[in-house]
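Novice: Sharing a structure here in C-alpha cells format.
The values are calculated or read from the model by the stated rules, or taken from the named source; none is laboratory data. From a predicted model like this one, the values you see are computed outputs, not experimental measurements. Because the Cβ atoms are built from the backbone with ideal geometry, glycine has one as well, and the counts that use them run over all protein chains shown. All accessible areas refer to the heavy atoms of the entire protein, side chains included, with ligands and DNA or RNA removed. Shrake-Rupley method; radii C 1.70, N 1.55, O 1.52, S 1.80 Å.
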Amino acid sequence: EYMGEKTSVSNKKMFDFPKKFLQELAPQMSTVYDYIIVGAGSAGCVLANRLSANPKNNVLLLEAGGRDSNPWIHIPIGYLKTMNNPQTDWCFRTTPQAGLNGRSIPIPRGKVVGGSSSINGMIYMRGQQADYNKWSVDNPGWSWNETLPLFKKSMNYYLGADELHGAGGEMEVQKPNISWEVLDVFRDAAEEVGIPKLQHFNNSDSAGTGYFQVNQNSGVRMSCFSAFVRPIIGRKNLTIAVQTHVNRVVLDPANIATGVECRFGDDPNSIVMNATKEVILATGSIGSPHLLQVSGIGPSDLLESKGVKVLYHLPGVGKNLQDHLQIRTVFKVSNTKTLNELVSSLLNRASMGLEYIVKRTGPLSMAPSQVGGFAFSSSEEKTPDLQFHIQPLSLEKFGEPLHPFPAFTVSVCHLRPTSRGTVELNGPKIETPPIIDPQYLSTDYDKIVSARAIRLCRKILSADSFKRLSPEEYCPGPQYQSDEDLIKQAGQISSSIFHQSGTCKMGKSTDISAVVNERLQVHGIENLRVVDASIMPTIVSGNTNSPTIMIAEKGAQMILEDNN
C-alpha cells in the first residue's frame, strides 16, 4: 500500500518501476496522453490536480524521484534529515563562487513526489504586490490584483476566508503551534529599533516581525503532493510514474512538441510517451532549463559545445538565475532555552518524540524558522528589501549537528538581489548534473547590502530587550567592523535559502532573454510550456513556494483555456 492507497497498475494509482519495467509493466500502461507533466514538485502537483479534474483529459505525471515514504519528510523538523540526503535531495552544488570566497555551496532540491515542498521550510509567503505589478508591465495578466484570486483559490486559511485569504482550498495555511522566548525577545528588540510587530504576514507590504504561517496540517508537513495529488490519486484519467527520468522533449520537424523520451527505474532502454495536446515542464529553476538544453532548445553555442544538436536557438534558456542568499549570523545566549541544549539530552529527545507522537506538538512540529521579519536596508528602498528568518537553534551548516551551546540564528537575506547567474548543461545526457553558477554577491550593490544587513542584525541584538539574555556574537564575530570585512564575512557564512528562480524567464518575444510568453508557452515551440518558478522575470520579495503554486494555478487555467 502507498499512504493508504493500493499500488494497482490496473487502477493507474502510482507506478514504481523496477529494472524490468519494459517487459513486465509496459503492456499495461498507455503511451499516449493528452497532457504530459514533467516533474511532480509544487507546480506539477497543482497542474496534475487541475488538468485531471475534467475526466475527459488523460494526464500523465512523471517524477524522476521516488515516493515520499521517508517519515522525516512528514515530520516538520525532519528537514534537518532530508536536506543533503541523497535519498530525498538531488544534492546539487554550485560552482565555486567568487562572492563566497571561493566556496561551493549546496543547492537542495527535492528528490521525491512533492519536490522541494517535501523538504522546504513550509513557510507561506507571497512576496510583495509590487513584485507582480512589475511582472505585468511586459506580461499582461500577472498583476497583483489578477494573481490574488489564484493565491486564494488553493488556500485553506486557519482564520477563514477574507479579502486576502481563501478557505476550502487544498493547501493548509496554519499558525505554528510552538513559541520560544528568544524569538519573542527578538521581536521586542526589533520593535525598539523601529521594526514594528505584525499580527500577520501577507496582509501588507509593510516592514515588521511576526510568526510565520506554515503549510502544515495539525503538526504534519503538508507538501504539494499531500495537498493536491494524494486526495485525487484514484482518478482513472491520472497516471503517476515515479523514478522516471525524462531524457528529452521530443519535437517534430515543425518544432512542435509531441511527447517525451524517458527511462523507467534503472532500465537503460528508453520509451517515447506521446502528448496529443501539450508537454508541460515543471521541474523547477534547475531542472526545466536543463531539460530544455539537452532537448536541443537553448543557446546554440552552449549546446554545440556540449555535443547537443541545436533544434531551436533560444538564448535565454538557463540565464537570469536569481536566488536569495541568507547570511546566517549566530548569537550565543544565556538565561533562556534553545533547541541546541534540548537535543543534547537523550531524555529530552525522548520526551520531544513522545510529545510529537501523542499530540503532534513540540519542537518536532516546528518549521525551520518560526519568526520572520521584513526591514529596509536603506531609506532609498520603497518597500522592505531584507527578510529575517529567526531560528531557536544554530549549526555550522545543514546536515551537521547543532552547536553544543545555547544559541540562535538570525538569518537575513537580500530580497531583490541584482546578481544574475546561469544553469548550463554539462553534457548531452540529462543524468549529468548541470553547472549551477548563481554569481552570488557579484555586484557592488549586493555586497554593500550584505554589510548593511549584518549591521542591522547587530543593532537589534544590542537593544535593551536582549540584555537579560546576554547575547554574544558567535558568527561572524564582533572583530569584523569595516564594510570590506563584513562583505567578506557575508560570503563566508551565507548559504542559499533555496529560492532559485528566473531561468526560463517570462517575457515578450522581442526580449532576447525571455524563454516563455505571458501564457508560459516556450517561444518558437508549439505545444510546450514551462510552469514553475523558473518563469519569474524577477524573484519575488519573499519565500517562493506559494508563488510557485499560484503560477501553476494560472498555468493550468491558461492551458485549459487554450485547449478548450
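Novice: Scan segment 458-503 for residues that are open to solvent by 50 Å² or more (accessible area, probe 1.4 Å) and among the charged types (D, E, K, R) and jot them down.
Specialist: LYS459, ASP464, LYS467, ARG468, GLU472, ASP483, GLU484, ASP485, LYS488
Novice: Quick one: how many residues across segment 193-213 are under 19 Å from SER379 (Cβ atoms) and either among the basic types (Lys, Arg) or part of a helix (DSSP H, G or I) (or both)?
Specialist: The number of residues fulfilling the criteria is 0.
Novice: Pick from segment 302-317 the residues that are in a helix (DSSP H, G or I) and in contact (Cβ under 8 Å) with a residue 12 or more places away in the chain: which of them is most open to solvent (accessible area, probe 1.4 Å)?
Specialist: Ranking the candidates gives LEU302 first.
Novice: Return the total of residues in segment 363-377 being over 19 Å from ILE123 (Cβ atoms) and modelled with pLDDT under 95. Walk me through how you get there before you give the answer.
Specialist: Taking segment 363-377 first, the residues over 19 Å from ILE123 (Cβ atoms) are 376-377.
So of that shortlist, the ones also modelled with pLDDT under 95 come out as none.
Within segment 363-377, residues that are over 19 Å from ILE123 (Cβ atoms) and modelled with pLDDT under 95 number 0.
Novice: Sticking with this one: So, in segment 504-524, how many residues would count as being closer than 23 Å to VAL250 by Cβ, among the β-branched types (Val, Ile, Thr) and open to solvent by 10 Å² or more (accessible area, probe 1.4 Å)?
Specialist: Looking only at that region, the number is 0.
Novice: Only one residue in SER365, SER344, SER305 is among the small types (Gly, Ala, Ser) and under 28 Å from the mean Cα position of the chain (by Cα). Which one?
Specialist: Checking each option against the conditions leaves just SER365.
Novice: Now a separate question. Being open to solvent by 50 Å² or more (accessible area, probe 1.4 Å) and touching a Lys or Arg at 6+ places or on another chain (Cβ under 7 Å), is that true of even one residue in segment 322-338?
Specialist: Looking through segment 322-338, at least one residue is open to solvent by 50 Å² or more (accessible area, probe 1.4 Å) and touching a Lys or Arg at 6+ places or on another chain (Cβ under 7 Å).
Novice: Hey, another quick one. Among what's in segment 435-456 and is in contact with a strand residue (DSSP E or B) (Cβ under 9 Å, 6 or more places away or on another chain) and not in a helix (DSSP H, G or I), pick the residue that is most open to solvent (accessible area, probe 1.4 Å).
Specialist: Here the residue is GLN439.
Novice: May I pose another question? Can you tell me which condition GLY399 does not meet? The list is (1) over 19 Å from the mean Cα position of the chain (by Cα); (2) more than 27 Å from LYS447 (Cβ to Cβ); (3) open to solvent by 40 Å² or more (accessible area, probe 1.4 Å), and all the others hold.
Specialist: Of (1) over 19 Å from the mean Cα position of the chain (by Cα); (2) more than 27 Å from LYS447 (Cβ to Cβ); (3) open to solvent by 40 Å² or more (accessible area, probe 1.4 Å), only one is false for GLY399: (1).
Novice: Tell me the residue from ILE271, ILE256, ILE232, ILE280 that is at negative phi and open to solvent by less than 10 Å² (accessible area, probe 1.4 Å), please.
Specialist: Being at negative phi and open to solvent by less than 10 Å² (accessible area, probe 1.4 Å) holds for just one of ILE271, ILE256, ILE232, ILE280, which is ILE280.
Novice: Does ILE430 satisfy being outside any helix (DSSP H, G or I), touching a Lys or Arg at 6+ places or on another chain (Cβ under 9 Å) and open to solvent by 30 Å² or more (accessible area, probe 1.4 Å)?
Specialist: Against the criterion (outside any helix (DSSP H, G or I), touching a Lys or Arg at 6+ places or on another chain (Cβ under 9 Å) and open to solvent by 30 Å² or more (accessible area, probe 1.4 Å)), ILE430 qualifies.
Novice: I'd like to verify a number: residues in segment 386-396 that are within 28 Å of TYR445 (Cα to Cα) and either touching a helix residue (DSSP H, G or I) at 6+ places or on another chain (Cβ under 7 Å) or part of a loop (DSSP other than H, G, I, E, B) (or both), how many? Please lay out each step first, then the result.
Specialist: First, pick out the residues of segment 386-396 that are within 28 Å of TYR445 (Cα to Cα): 386-391, 396.
So of that shortlist, the ones also either touching a helix residue (DSSP H, G or I) at 6+ places or on another chain (Cβ under 7 Å) or part of a loop (DSSP other than H, G, I, E, B) (or both) come out as 386, 390, 396.
So the count comes out to 3.
Novice: Something else about it: Is there a residue being of a type in the set (Val, Ile, Thr), open to solvent by 10 Å² or more (accessible area, probe 1.4 Å) and under 18 Å from HIS499 (Cβ atoms) anywhere in segment 114-125?
Specialist: yes
Novice: Which residue out of PHE225, PHE212 is under 30 Å from ALA275 (Cβ atoms), surrounded by 20 or more Cβ atoms within 10 Å (Cβ to Cβ) and in contact (Cβ under 8 Å) with a residue 24 or more places away in the chain?
Specialist: Testing whether each residue is under 30 Å from ALA275 (Cβ atoms), surrounded by 20 or more Cβ atoms within 10 Å (Cβ to Cβ) and in contact (Cβ under 8 Å) with a residue 24 or more places away in the chain leaves just PHE225.
Novice: How about segment 193-209: which of its residues are modelled with pLDDT of 95 or more and open to solvent by less than 50 Å² (accessible area, probe 1.4 Å)?
Specialist: Within segment 193-209, VAL193, ILE195, GLY208, THR209 qualify.
Novice: How many residues are open to solvent by 30 Å² or more (accessible area, probe 1.4 Å) and either among the polar types (S, T, N, Q) or in contact with a Pro (Cβ under 7 Å, 6 or more places away or on another chain) (or both) if we restrict to segment 370-382?
Specialist: Step one: list which residues in segment 370-382 are open to solvent by 30 Å² or more (accessible area, probe 1.4 Å), which gives 376, 379-382.
Imposing the further condition that a residue be either among the polar types (S, T, N, Q) or in contact with a Pro (Cβ under 7 Å, 6 or more places away or on another chain) (or both) reduces the set to 376, 379.
Number satisfying all stated conditions: 2.
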